[in-house]
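Have a look at the structure below, then the notes.
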Amino acid sequence: MKESLLDVSLEELEKFVAASGGQKFHAAQIKKFSNFGFEVEEISVISKQLREILSKSFVSNPVKIIQEIESKDGTKKFLFQLLDGNVIEGVLMSYHHGKTLCISSQVGCRMGCKFCASTLGGLVRNLSSSEILGQVLSVNRALGAKVSERKITNLVLMGSGEPLDNYENVVRFIKEISGPNSLNISQRNISLSTCGLVEKIYRLADDGLQITLTISLHAPNDEIRRKIMPVASSQPIEKLIESAKYYFDKTGRRVVFEYAMIDGVNNSAACAAELKKLLGGLCCHINLIPLNSVEERNLKGAPKHQVYWFKDKLVSLGLSATVRRTMGEDIEGACGQLRAKFLKNS
Ligand code: SF4
């Protein structure tokens, strides 16, 4: 299997280029183009001969877009293929303030959340930092970006996988993508969504990144949470909220809680009152998500009027809450659905 240029250091590349008859500065040029997602054949500033030698050993980006579907609302869903043949997915959403790409951190997931299609086949493997980066670079290029150009403005680590279950690679990726040699996306424009791995939240807070921490809460207590999120059995809700407080104290970044509205499960007035008790003292925001239906699961999304009723209830209790706009419903917009369909049909 060929190696990705994203995984090769400048020093290693200089040695390779020298052994192939090129000059030291060619290595820097190659690195620059590959850092922006250009394929080896597209690196026109080096000779055809050097490109040919290079392409025998390397690919530039370890991630290739193999399918692209556009929704009626403009949301785009991407199916990516990795060098070992595994597939992952991403979603591009266009807002007035820019373009947000939702990316994956693992092939599959072992967390088992009941409302999620990504976890249906369990965890296959972690993604390397260059495979996470490669998703962003390939979409940035597909949008027509040139070298040093950034078409994507915001990132959410909310695709398949639990990012904190692949901690080192995810943090390495965040540092790279926000650095001057890559797309230089501000860490403040990056959100990491976790199902709530308490110890890793403390570690993230101590690592001093400036990203937004988003916690998939989906329930106001352990009893309901355990029914839909197996992780709740080992990560009690009280400890989770303590870790969120710590994250805010350390970083000054408001924590976001995701709350998928599931009919008859977590959408009662009593649930709203419990949420107030749980989150009242914390600088946070609650994002209510009308649940996308997932064929393989029996959970039904709460009706739209219920979602807005619940939002008003939370706001009247003094909490900050909004309803997230559903995007890409006609193209399997929810986490893991496109990949699940691809695997079923292949
Ligand atoms: S919601 Fe996230 S953590 Fe839960 S199973 Fe899906 S990908 Fe994994």
**Prompt:** Arranged from highest to lowest average of other beta-carbon atoms within 10 Å per residue, in what order do the peptides 50-59, 211-220 appear?
**Reply:** 211-220, 50-59
**Prompt:** Which value, in debye to the nearest 20, gives the size of the charge dipole of region 1-133 about its Cα centre, when Lys and Arg are +1 and Asp and Glu are -1 at the Cβ?
**Reply:** 180 debye
**Message:** Run the numbers for Asp73 and Ser234: contour at 0.36 nm per residue of separation, minus the present Cα-Cα distance, in nm.
**Reply:** 54.1 nm
**Message:** Counting only helical runs of four or more DSSP H residues, what would the 222 nm mean residue ellipticity of the chain come to if each run contributes -39,500 (n - 2.57) and the total is spread over all its residues?
**Reply:** -10500 deg cm²/dmol
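Take the Cα radius of gyration of region 147-192 and divide it by 2.2 N^0.38 Å, with N its residue count; two decimals is plenty. Each step should come with its number before you reach the end.
On the way: Rg = 10.9 Å, N = 46, 2.2 N^0.38 = 9.4 Å.
Rounded to two decimals, the normalised Rg is 1.15.
Evaluate the Kirkwood expression for the hydrodynamic radius of region 203-244, namely the inverse of the mean inverse distance over all pairs of different C-alpha atoms, and round to one decimal in Å. Write down the numbers at each step before the final one.
On the way: mean 1/r = 0.0882 Å⁻¹.
Answer for region 203-244: a Kirkwood hydrodynamic radius of 11.3 Å.
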**Message:** Restricted to Cα positions, what overall size does region 250-322 have along the principal axes? Three whole-Å values, descending.
**Reply:** 40, 25, 16
**Prompt:** At Glu199 and Ala273, where each label point lies 7 Å from the Cα along Cα→Cβ, what is the point-to-point distance in nanometres?
**Reply:** 3.7 nm
**Message:** What three numbers, in Å, describe the spread of the alpha carbons of region 3-59 along their principal axes, ordered from the longest?
**Reply:** 24, 22, 19
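Just the accessible area per residue of region 69-345, please: how many Å² with a 1.4 Å probe?
Details: 11410 Å² over 277 residues.
Solvent-accessible surface per residue comes out at 41 Å².
Write down the Kirkwood hydrodynamic radius of region 127-223, to one decimal in angstroms, obtained as one divided by the mean of 1/r over all alpha carbon pairs. Don't skip to the answer; put the middle values down first.
Values: mean 1/r = 0.0704 Å⁻¹.
One decimal place: 14.2 Å for the Kirkwood radius.
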**Asked** Can you list the lysines whose alpha carbon is less than 22 Å from that of Lys76, not counting same-chain residues fewer than 8 positions off?
**Response** Lys64, Lys99, Lys146, Lys151, Lys341, Lys344
**Message:** What translational diffusion coefficient, to the nearest whole µm²/s, does region 84-146 have by Stokes-Einstein, given a Kirkwood radius computed over alpha-carbon pairs, a temperature of 4 °C and 1.567 mPa s viscosity?
**Reply:** 99 µm²/s
**Fill in**
Cross-link reach from Lys304 to lysines, straight Cα distance under 16 Å and at least 8 residues apart if same chain, gives Lys313
**Prompt:** At Glu12 and Gln306, where each label point lies 7 Å from the Cα along Cα→Cβ, what is the point-to-point distance in nanometres?
**Reply:** 5.2 nm
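If I stretch the segment between Val45 and Arg254 completely, what's the gain in nm (0.36 nm per residue apart, minus their alpha carbon distance), one decimal?
On the way: separation 209, 0.36 × 209 = 75.24 nm, distance 4.46 nm.
Once the chain is fully extended between Val45 and Arg254, it gains 70.8 nm.
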**Geometric extent, Cα atoms of region 142-295 - Rg, Dmax (angstrom)** = 16.6, 53
**Item:** Simple spin-label estimate for Arg324 and Ala19 in nanometres, 7 Å along Cα-Cβ
**Value:** 4.7 nm
**Message:** Under the rule a/c < 1.5 gives rounded, and otherwise a/b versus b/c splits prolate from oblate, where does region 22-155 land using the Cα gyration tensor?
**Reply:** oblate
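If you take the Cα Rg of the chain and divide it by 2.2 N^0.38 Å, with N the number of residues, what do you get? Mind dumping the intermediate values first?
Values: Rg = 21.2 Å, N = 346, 2.2 N^0.38 = 20.3 Å.
With N residues counted in the chain, Rg over 2.2 N^0.38 Å equals 1.05.
The values are calculated or read from the model by the stated rules, or taken from the named source; none is laboratory data. The structure displayed is predicted, hence computed values, not measured ones. For neighbour counting, all protein chains shown are included, and Cβ atoms are generated from backbone atoms with ideal geometry for every residue, glycine included. Surface accessibility is based on the protein's heavy atoms, side chains included, excluding ligands, DNA and RNA. Shrake-Rupley method; radii C 1.70, N 1.55, O 1.52, S 1.80 Å.
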